[in-house]
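Visitor: Let me begin by handing over the structure; questions about it come next.
The values are calculated or read from the model by the stated rules, or taken from the named source; none is laboratory data. Note that the coordinates shown come from a computational prediction; the quantities given were computed from them, not determined experimentally. Here the Cβ positions follow ideal geometry from the backbone for every residue, glycine too, while neighbour counts run over all protein chains shown. For accessibility, only protein heavy atoms count, side chains too; no ligands or nucleic acids. Shrake-Rupley method; radii C 1.70, N 1.55, O 1.52, S 1.80 Å.
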Amino acid sequence: MKLVTFTHNGSTRAGALVEGDLVIDLHAADASIPATLLELLQGGHDAMQCAKDIAQSGADGIALTDVVLEAPIPRPGKALAIGLNYRDHAEETGQEIPKHPIVFSKVTTCITGPGKPIHIPRVSSMVDWEGELCFVIGRTARYVEREDALDYVAGYMIGNDVSVRDWQSHAATWTTGKGFDTHGPIGPWLVTSDEVDGSDLHIQTFVNDVLKQDSTTAQLIFGVPDLVAYLSSAFTLEPGDVVFTGTPSGVGVARRPREFLKPGDTVRIEIEGLGTLENPVTEEPV
Ligand code: ZN
């Protein structure tokens, strides 16, 4: 099932995207289904089963072209990210293959949706792209074994871990450089994990239609089950938490000459089975 957060007639709510590019308003179709995707995930298996039944029921939908898609989880409780998690990317940045996942937080106010602008902030012109597979937690997870980890993953979506390279290097924590407003596009929809296997998906990033990153999630040093086990050993993962799993080689800062995003550019990330996440790049409004 493809789950979306959409705005239509001034109201933002959870929907299921079905055959024929129609969006079914889940709460309108069945009032027992929560109105937001975060609450739907918090509702666990029962709420998800109701959503599935509605998605397969042939209920009336709204044309995808008549709605505005938002970030599937507009304000997750946690947005975690993993650095240097593709062998080729670790090599291109001249770093050793990490022994443990390099975990950092993306400040949740940076989350934005498909089609929304990525701002070039006033304080930097070193804004870079990072196409990534994201997974979303569907069940409260603590001390989860690797073998059971996928039971805790609600689904997958595309993310762009936009990075301000000069600010990223201000401090080892990377928190500022990875968390600028608008620098966490996710979407366009959440594909439930019963429909997609995240372990070997083709991932590509294009800037202005020029291919910049081209890899597969099979190249991940720490795969999704490793990450769920590792992260849940440190803290509780909650429904709706988003994890950016890392980016393959081909980022702008590692190119010679270096390349950064500028107003007028468009970044498009495609992951097999997960659709396309496209965002224009603009000057930050005054
Ligand atoms: Zn990243």
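Visitor: Name the one entry in Ile158, Ile203 that is under 20 Å from Leu38 (Cα atoms) and either buried (at least 21 other Cβ atoms within 10 Å of the Cβ) or within 16 Å of the ligand (Cβ to nearest atom) (or both). Spell out the reasoning first.
Guide: On the way: Ile203 fails: under 20 Å from Leu38 (Cα atoms).
Result: Ile158 is the single residue among Ile158, Ile203 that is under 20 Å from Leu38 (Cα atoms) and either buried (at least 21 other Cβ atoms within 10 Å of the Cβ) or within 16 Å of the ligand (Cβ to nearest atom) (or both).
Visitor: Just give me the residues in the stretch 47-71 being charged (D, E, K, R) and either under 24 Å from the mean Cα position of the chain (by Cα) or at pLDDT 95 or above (or both), in sequence order.
Guide: At the first step, the residues of the stretch 47-71 found to be charged (D, E, K, R) are 52-53, 60, 66, 70.
Hits for the stretch 47-71 are Lys52, Asp53, Asp66, Glu70.
Visitor: Specify the residue that is nearest to the chain's Cα centre (by Cα); the eligible residues are those in the stretch 225-258 that are among the hydroxyl-bearing types (Ser, Thr, Tyr) and within 16 Å of the ligand (Cβ to nearest atom).
Guide: For the stretch 225-258, the residue satisfying everything is Thr245.
Visitor: A further question on this structure: In this structure, is Glu70 within 15 Å of the ligand (Cβ to nearest atom) and surrounded by 15 or more Cβ atoms within 10 Å (Cβ to Cβ)?
Guide: When the stated conditions are applied, Glu70 does not pass them.
Visitor: For residues that are in a strand (DSSP E or B) and within 26 Å of Trp189 (Cβ to Cβ), tally how many sit in the stretch 84-117.
Guide: 6
Visitor: Hey, can you tell me all the residues within the stretch 1-49 that are assigned to a helix (DSSP H, G or I) and touching a Ser or Thr at 6+ places or on another chain (Cβ under 7 Å)?
Guide: Matches in the stretch 1-49: Leu37 only.
Visitor: Just to verify a result, which residue in the stretch 268-282, among those that are among the β-branched types (Val, Ile, Thr) and open to solvent by less than 10 Å² (accessible area, probe 1.4 Å), is nearest to Val196 (Cα to Cα)?
Guide: Per the criteria, the residue is Ile271.
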